[in-house]
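Peer 1: Sharing a structure below in structure tokens format, with a few things to ask.
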Amino acid sequence: MIFDSGSNDKASLREKVFKAIRESILEGKYKPGDALREATIAKELNVSRTPVREAIRQLELEGLVQSIPNKETVVTGVSQEDVQDIFMIRSRLEGMAAKLAAERITPEELEKLKEVLELTEFYVTKKDLVHIGELDHRFHDMIYKATKSKILKQMLSDFHTYVQKTRMESLATPGRATCLLKEHTAIFKAIQNQDGEKAEELTNKHIEQVSKNMHLDDAPRYH
């Protein structure tokens, strides 16, 4: 990924660099224990070392990297315990988001959500997991936006991003893509009918199924 190092929008450049490095960590390009070298990353992204240094500081605040005094910055990434905690928190917040979306979604947003479902159905028939994963992310993100709650949207968007690698691995489980489509369709219908209670219930069940599908409930903790 190459950026225009001559950009006048320094804040925008910092954000792009941050997202690029975070994505590389979450997708596994940079693995736990790997050293992050400012000069190398700056060269790869075609930027100066300053936005890279600032991005690494932000990543440290998010717990994705750790700076070792007088040594280097290493990737800590998202551990199994982190994923379990994220799903525990998501199970509380996702249902709330669906309930708010059912109450606040606009006709235009509802139509776009329907289009995402139709595209998901198409790619399920094609068994195209990459596109299904992208549409899964988009489906949830549109629900977050429909809540009209900036704080809730930001929190859930970050959580969804942190577990993207695990979610893609989950989709590879035989039959999971078809189940995901059915679950999303049921949630959509509840939101369409402005049935917040039903939307919340179905979303909670959806997150529970995702968690079970990834065997998070049975995984050992803090070992």
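Coordinate-derived values only; no laboratory data. This is a predicted model, so every value here is computed, not measured. Note: ideal-geometry Cβ built from the backbone for every residue, glycine included; neighbour counts use all protein chains shown.
Peer 1: Any idea how far apart Glu103 and Gln66 come out in nm if each label point goes 7 Å out from Cα toward Cβ?
Peer 2: 4.2
Peer 1: Give the Rg/Rh ratio for the range 40-136, taking Rg as the radius of gyration of the Cα atoms and Rh as the Kirkwood radius, to two decimals.
Peer 2: 1.13
Peer 1: Okay, next question. Is the shape of the range 103-166 best called rounded, prolate or oblate, per the rule: a/c under 1.5 gives rounded, else a/b larger than b/c gives prolate, else oblate, with a ≥ b ≥ c the square roots of the Cα gyration tensor eigenvalues?
Peer 2: Here the range 103-166 falls in the oblate category.
Peer 1: If you count, for each residue, the other Cβ atoms within 10 Å and average over each peptide, how do 91-98, 156-163, 64-71, 34-41 line up from highest to lowest?
Peer 2: The densest-packed peptide leads the list: 91-98, 156-163, 34-41, 64-71.
Peer 1: Then there is this: With θ set to phi - 60° and the Karplus curve 6.51 cos²θ - 1.76 cosθ + 1.60, what are the ³J(HN,Hα) couplings of the range 160-172 in order, to the nearest whole Hz, using x for Gly and Pro?
Peer 2: Ordered by residue, 3J(HN,Hα) equals 5, 5, 4, 9, 4, 5, 5, 5, 5, 5, 5, 5, 6 Hz.
Peer 1: Per DSSP H run of at least 4 residues, take -39500 (n - 2.57); add these up for the chain, divide by its residues and hand me the 222 nm value, nearest 500 deg cm²/dmol.
Peer 2: Estimated from H runs of four or more residues: -23500 deg cm²/dmol.
Peer 1: Need one number: the % of Cα-Cα pairs in the chain sitting beyond the 31 Å mark.
Peer 2: Counting every Cα pair in the chain, those more than 31 Å apart make up 29 percent.
Peer 1: Whole number please: convex hull volume per residue of the Cα set in the range 1-96, in Å³?
Peer 2: Cα-based convex hull of the range 1-96, divided per residue, equals 117 Å³.
Peer 1: State the three equivalent ellipsoid semi-axes of the range 147-214, derived from the C-alpha gyration tensor as the square roots of 5 times its eigenvalues, in descending order and whole Å.
Peer 2: Taking √(5λ) for each eigenvalue gives 21, 18, 9 Å, largest first.
Peer 1: Please say if the range 139-179 is rounded, prolate or oblate, where rounded means a/c under 1.5 for a ≥ b ≥ c the square roots of the C-alpha gyration tensor eigenvalues, and otherwise the choice is prolate for a/b larger than b/c and oblate otherwise?
Peer 2: The shape class here is oblate.
Peer 1: From largest to smallest, what semi-axes in whole angstrom does the range 50-89 give when each is the square root of 5 times an eigenvalue of its alpha carbon gyration tensor?
Peer 2: They are 24, 12, 6 Å, listed largest first.
Peer 1: Quick check: the distance between the Cα centres of the range 120-149 and the range 150-166, to the nearest angstrom?
Peer 2: Spelled out, the Cα-based centre of one part sits 14 Å from the other.
Peer 1: Which links in Lys153/Lys198; Lys10/Lys43; Lys16/Lys205; Lys153/Lys182; Lys114/Lys205; Lys126/Lys165 stretch past 26 Å when you go from one Cα to the other?
Peer 2: Exceeds cut-off: Lys16/Lys205.
Peer 1: Each residue of the range 112-125 in order: what ³J(HN,Hα) in whole Hz does its phi give by Karplus 6.51 cos²θ - 1.76 cosθ + 1.60, θ = phi - 60°, with x for Gly and Pro?
Peer 2: 5, 5, 5, 4, 4, 4, 5, 5, 4, 4, 4, 6, 5, 5
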